[in-house]
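Enquirer: Below you'll find the structure I mean.
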Amino acid sequence: MANAARPVVLWFRGDLRLRDQGAVAAAVATGQPVVPLYVLDDETPGRWRLGGASRWWLDGSLRSLAADLAGAGSQLVLRRGETVAALSGLVHETGATAVFAGVAVEPWARALSERLETAMRQSGVAVHWHRTVSLFDADAIRTQSNGPYSVYSPFARACFARQPPRPPSDAPARILAGPDCSSDDLNSWKLTPTSPDWAGGLRESWMPGEGGARVQLRRFVADALGQYDGTRNVPSVEGTSRLSPHLHFGEISAGEVWHAARGAAADTGKPLETFLKEVLWREFSMHLLWHHPRLPEEPLRREFGSMPFRQDRAALAAWRRGRTGIPMVDAGMRQLWQTGWMHNRVRLVVASFLVKHLLISWQEGESWFWDTLVDADLASNSANWQWIAGCGADAAPYFRVFNPALQGAKFDPSGDYVRRFVPELTRLGKQYIHTPWDAPETVLAEAGVRVGETYPRPIVGLEAGRNRALAAYRSLDRVGAG
Ligand SMILES: Cc1cc2nc3c(=O)[nH]c(=O)nc-3n(C[C@H](O)[C@H](O)[C@H](O)COP(=O)(O)OP(=O)(O)OC[C@H]3O[C@@H](n4cnc5c(N)ncnc54)[C@H](O)[C@@H]3O)c2cc1C
């Protein structure tokens, strides 16, 4: 068979889109037929196999990608199993000459990429890698001494000093169809829950897929970007982009987000530096994971390895279900459970409460987030949990313990956010919405709240929890002395 008639395989992983997707563009540019592939591999990631909320999202995202590919005259092939075996099988079946794919930063995914290259080399098949998920190559940003960064601010400055990402490229109008290949039926993967169907809140909140990502980006740029500085910390309003799951699944490129924000700011003179800096936290997290592959499992700062965390199944369960008796924490944990997402300010509050007030390990929180977030991302999740626990790069100092009641009063002064997710407290006024345990009996009675019955009593005293955490941190060699 002449090369021109032989296909190439286009392997989608964390980059489920056609627009501004380097691997897609390069595969199409060969002029050869293209066989697009997605592999559901639950073996290779080990404990980091997709969580429940991510599986729900993936289902919608793959449906959207398949429809977009069909619109361009192509057909998405779905296979399940170990990735190298699945890819080798498809290459063998189709006589493909090359594989095109995006670079991934997760340690298991990097090891997989290496195994794939070895296997393909043995078959004489070229593998072409493209940057599809990040603004910069993970190891391209280097300190003056050519090392990785461990502090965010100079990392961000180095990013701003580089050439901005190139303008986004269009999706190909046509993709030359490859040979017919067998494909799994997506329904047979059972990615969405049936009984019980816990995904109703997710369906109401999100539209997975490239189309949904672009709608969300347009909405954010038109309605919220201009006020981002002022509203991004207010969880009761939609002041942030809510693009994180779309970015995580690669349904929109970080470059497109960057340019859309820059373009809108140039048109309107609206400030956008704060927003771009948030986007760079994502890059920084990937940079950290690239250089510290054990980031999801081990504290970056070794001295935190012997932190005397408690095993307290009851407290952990109360935290997971939003039954701690601390309204701001409970609202956040219920928002997560219902919608698969939580506002960043509230993530900081609930994470600090778990690790510090409850003295439960950050890895427990990281695992729960992994299973319940639609934007669960190995780099951002582990970097942020380490940051809040004080053991990561450039981390919050261990002695900064957020007081969840004060955080509530500051960022949810009206109590609207709490009332939305903690209906037991709906009728409680703003004075006591974040501290129902302090409210006089008459106020509670009028609001129909009985602390300890209709709404839990706090599972830990805020002052006592704080003191216990500080004592635990100080017990660590070098930390307490520092
Ligand atoms: C304990 C904890 C765990 C987290 N786990 C995740 C996770 O698994 N996946 C995830 O995408 N984000 C995670 N974050 C970061 C942050 O909370 C979310 O990215 C953000 O809330 C997403 O909302 P948004 O898209 O409206 O953000 P916006 O404010 O609109 O920001 C734009 C984009 O910048 C990126 N970003 C913003 N803040 C951060 C940050 N602190 N770290 C990394 N990237 C950031 C996201 O891609 C986001 O979509 C975590 C934060 C904490 C404190």
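The values are calculated or read from the model by the stated rules, or taken from the named source; none is laboratory data. Owing to the predicted nature of the structure, the values given are computational and were not obtained by experimental measurement. Glycine gets a Cβ as well: all are built from the backbone with ideal geometry, and neighbour counts include every protein chain shown. Keep in mind that these areas ignore ligands, DNA and RNA; they rest on the heavy atoms of the full protein, side chains included. Shrake-Rupley method; radii C 1.70, N 1.55, O 1.52, S 1.80 Å.
Enquirer: Based on what the data block shows, is G408 assigned by TED's automatic domain parsing to the domain that holds R321, open to solvent by less than 20 Å² (accessible area, probe 1.4 Å) and in a helix (DSSP H, G or I)?
Expert: yes
Enquirer: Out of all the residues in the stretch 191-214, which are outside any helix (DSSP H, G or I) and either aliphatic (A, V, I, L, M) or open to solvent by less than 30 Å² (accessible area, probe 1.4 Å) (or both)?
Expert: Going through the stretch 191-214, the residues outside any helix (DSSP H, G or I) turn out to be 191-199, 206-209.
Within the stretch 191-214, L191, P193, A199, W206, M207, P208, G209 meet the criteria.
Enquirer: Which residue pairs have Cβ atoms closer than 8 Å, lie 6 or more positions apart in sequence or on different chains, and pair a first residue in the stretch 159-172 that is basic (K, R) with a second residue that is surrounded by 12 or more Cβ atoms within 10 Å (Cβ to Cβ) and assigned to a loop (DSSP other than H, G, I, E, B)?
Expert: Here the result reads R162/F136; R162/I141, each pair linking the stretch 159-172 to a residue that is surrounded by 12 or more Cβ atoms within 10 Å (Cβ to Cβ) and assigned to a loop (DSSP other than H, G, I, E, B).
Enquirer: Quick one: would you say A331 is more than 17 Å from the chain's Cα centre (by Cα) and either open to solvent by 10 Å² or more (accessible area, probe 1.4 Å) or more than 13 Å from the ligand (Cβ to nearest atom) (or both)?
Expert: Answer is yes for this residue.
Enquirer: Of the residues R420, R427, R450, which is basic (K, R), surrounded by fewer than 21 Cβ atoms within 10 Å (Cβ to Cβ) and in contact (Cβ under 8 Å) with a residue 40 or more places away in the chain?
Expert: R420
Enquirer: Check V418 against each of (1) within 30 Å of S150 (Cβ to Cβ); (2) touching a Gly at 6+ places or on another chain (Cβ under 7 Å) and name the one condition it does not meet.
Expert: For V418, the exception is condition (1).
Enquirer: Exactly one condition in (1) over 24 Å from L289 (Cβ atoms); (2) touching a Ser or Thr at 6+ places or on another chain (Cβ under 8 Å) is not met by N187; state its number.
Expert: Among (1) over 24 Å from L289 (Cβ atoms); (2) touching a Ser or Thr at 6+ places or on another chain (Cβ under 8 Å), N187 violates only (2).
Enquirer: Another question about this same structure. Filter the stretch 103-134 down to the residues that are over 22 Å from R294 (Cα atoms) and under 24 Å from the mean Cα position of the chain (by Cα) and list them by number.
Expert: W129, H130, R131, T132
Enquirer: For the condition open to solvent by 40 Å² or more (accessible area, probe 1.4 Å), of a type in the set (S, T, N, Q) and within 15 Å of the ligand (Cβ to nearest atom), what is the one hit in S153, S169, S183, S188?
Expert: S153
Enquirer: A further question on this structure: Determine which single condition V9 fails, assuming it passes every other condition in (1) aliphatic (A, V, I, L, M); (2) open to solvent by 30 Å² or more (accessible area, probe 1.4 Å); (3) modelled with pLDDT of 95 or more.
Expert: Unmet for V9, out of (1) aliphatic (A, V, I, L, M); (2) open to solvent by 30 Å² or more (accessible area, probe 1.4 Å); (3) modelled with pLDDT of 95 or more: (2).
Enquirer: Hey, any hits in the stretch 346-354 for a residue that's within 10 Å of the ligand (Cβ to nearest atom) and either open to solvent by 10 Å² or more (accessible area, probe 1.4 Å) or outside any helix (DSSP H, G or I) (or both)? Give the derivation first.
Expert: Step one: of the stretch 346-354, the residues within 10 Å of the ligand (Cβ to nearest atom) are 346-352, 354.
If we keep only those that are either open to solvent by 10 Å² or more (accessible area, probe 1.4 Å) or outside any helix (DSSP H, G or I) (or both) as well, we get 347-348.
Among the residues of the stretch 346-354, at least one is within 10 Å of the ligand (Cβ to nearest atom) and either open to solvent by 10 Å² or more (accessible area, probe 1.4 Å) or outside any helix (DSSP H, G or I) (or both), which makes the answer yes.
Enquirer: Go through the stretch 20-47 residue by residue and tally those that are open to solvent by 40 Å² or more (accessible area, probe 1.4 Å) and under 21 Å from S169 (Cβ atoms).
Expert: 5
Enquirer: Within the stretch 368-396, which residues are within 9 Å of the chain's Cα centre (by Cα), within 19 Å of W319 (Cβ to Cβ), near the ligand (Cβ under 7 Å from one of its atoms) and open to solvent by 10 Å² or more (accessible area, probe 1.4 Å)?
Expert: N381, the sole residue that qualifies.
Enquirer: Yes or no: G124 at positive phi and part of a loop (DSSP other than H, G, I, E, B)?
Expert: For G124, the condition - at positive phi and part of a loop (DSSP other than H, G, I, E, B) - is met.
Enquirer: Something else now. Output the residues belonging to the stretch 218-230 that are within 10 Å of the ligand (Cβ to nearest atom) and either over 23 Å from N381 (Cα atoms) or at pLDDT 95 or above (or both).
Expert: Residues satisfying the conditions are F220, A224, L225.
Enquirer: Further, regarding this structure: Under the condition of being out of contact with any helix residue (DSSP H, G or I) (no Cβ under 7 Å at 6 or more places or on another chain) and among the hydrophobic types (A, V, I, L, M, F, W, C), which residue from the stretch 225-266 is farthest from Y38 (Cα to Cα)?
Expert: A266
Enquirer: Answer with yes or no whether A393 is among the hydrophobic types (A, V, I, L, M, F, W, C), within 29 Å of A471 (Cβ to Cβ), in the same structural domain as I326 (by TED's automatic domain parsing) and modelled with pLDDT under 95.
Expert: When the stated conditions are applied, A393 passes them.
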